[in-house]
Amino acid sequence: SILHGVLEVPLVYVIREQPAEDEEFESFTEECIAKCPLAGAYFEADARTVHQLIESYTTGENSEVWVKKIRRHQNGRMDMEALRSHYRGEGNQSRRITDAETMR
């Protein structure tokens, strides 16, 4: 099921990556997700909700370390950026490749 924010836009807008300028959308919902503002009182409320979700998913996991550092902000967008930055990092990618090769 899809969780909606204050304005009934799916909360995924909080953690979206920036769409291309000329991107075409397949639905009104996709367009709302892409264009919903990433600032203001509604965004802050939704970002807090996403933070609570991310915190609940990462508690007790290795990923908790990366979110814990910025917990005081209670901002799910910042949390997701920290997780993406870590897991997309060069060292982590090479480790995953090595792990995959040993599974062959």
Study note, to complete from the structure: Taking 0.36 nm per residue of separation between residue 38 and residue 86 and subtracting their Cα-Cα distance, the length gained on full extension comes to 15.1 nm
Practice item. Can you send over the carbon and sulfur percentage of the accessible area for the chain, probe radius 1.4 Å, protein chains only? Key: 52
**Study point:** Rounded to 10°, Cα long-axis angle of helix 41-58 versus longest principal axis of the chain
**Key:** 30
Point to revise | Crossing angle, helix 90-102 versus the chain [Cα axis fit, 0-90 degrees, rounded to tens] | key: 60
Review point. Okay, helix-only estimate at 222 nm for the chain: each DSSP H run of n ≥ 4 adds -39500 (n - 2.57), divide by all residues, round to 500 deg cm²/dmol; what do you get?
Key: -16500 deg cm²/dmol
Review point. Rounded, prolate or oblate: which fits the chain when a ≥ b ≥ c are the square roots of the eigenvalues of the alpha-carbon gyration tensor, with rounded for a/c under 1.5 and prolate only if a/b beats b/c?
Key: oblate
Review point. At what distance in nm do the modelled label points of residue 69 and residue 24 sit from each other, each positioned 7 Å from its Cα along Cα→Cβ?
Key: 4.1
Point to revise | For residue 46, net neighbour charge (Lys/Arg +1, Asp/Glu -1) across residues whose Cβ lies under 12 Å away | key: +1
Point to revise | Formal net charge of residues neighbouring residue 70 (Cβ-Cβ distance under 14 Å; K, R +1; D, E -1) | key: +3
Point to revise | Probe 1.4 Å, accessible area per residue of region 1-97, Å² | key: 69
Point to revise | Residues in region 1-36 that a label on residue 56 would reach, taking backbone N under 19 Å of a point 7 Å out along Cα→Cβ | key: 1-15
Practice item. Would you grab the residues whose amide H sits under 5 Å from the one on residue 4? Only those 5+ places off in sequence or on another chain, please, with H modelled 1.01 Å from N. Key: 11
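The values are calculated or read from the model by the stated rules, or taken from the named source; none is laboratory data. Please read these numbers as outputs of a predicted model, since none were measured by experiment. Positions of Cβ are backbone-derived with ideal geometry, glycine not excepted, and every protein chain shown enters the neighbour counts. Areas reflect the complete protein model, heavy atoms only, side chains present, ligands, DNA and RNA absent. Shrake-Rupley method; radii C 1.70, N 1.55, O 1.52, S 1.80 Å.
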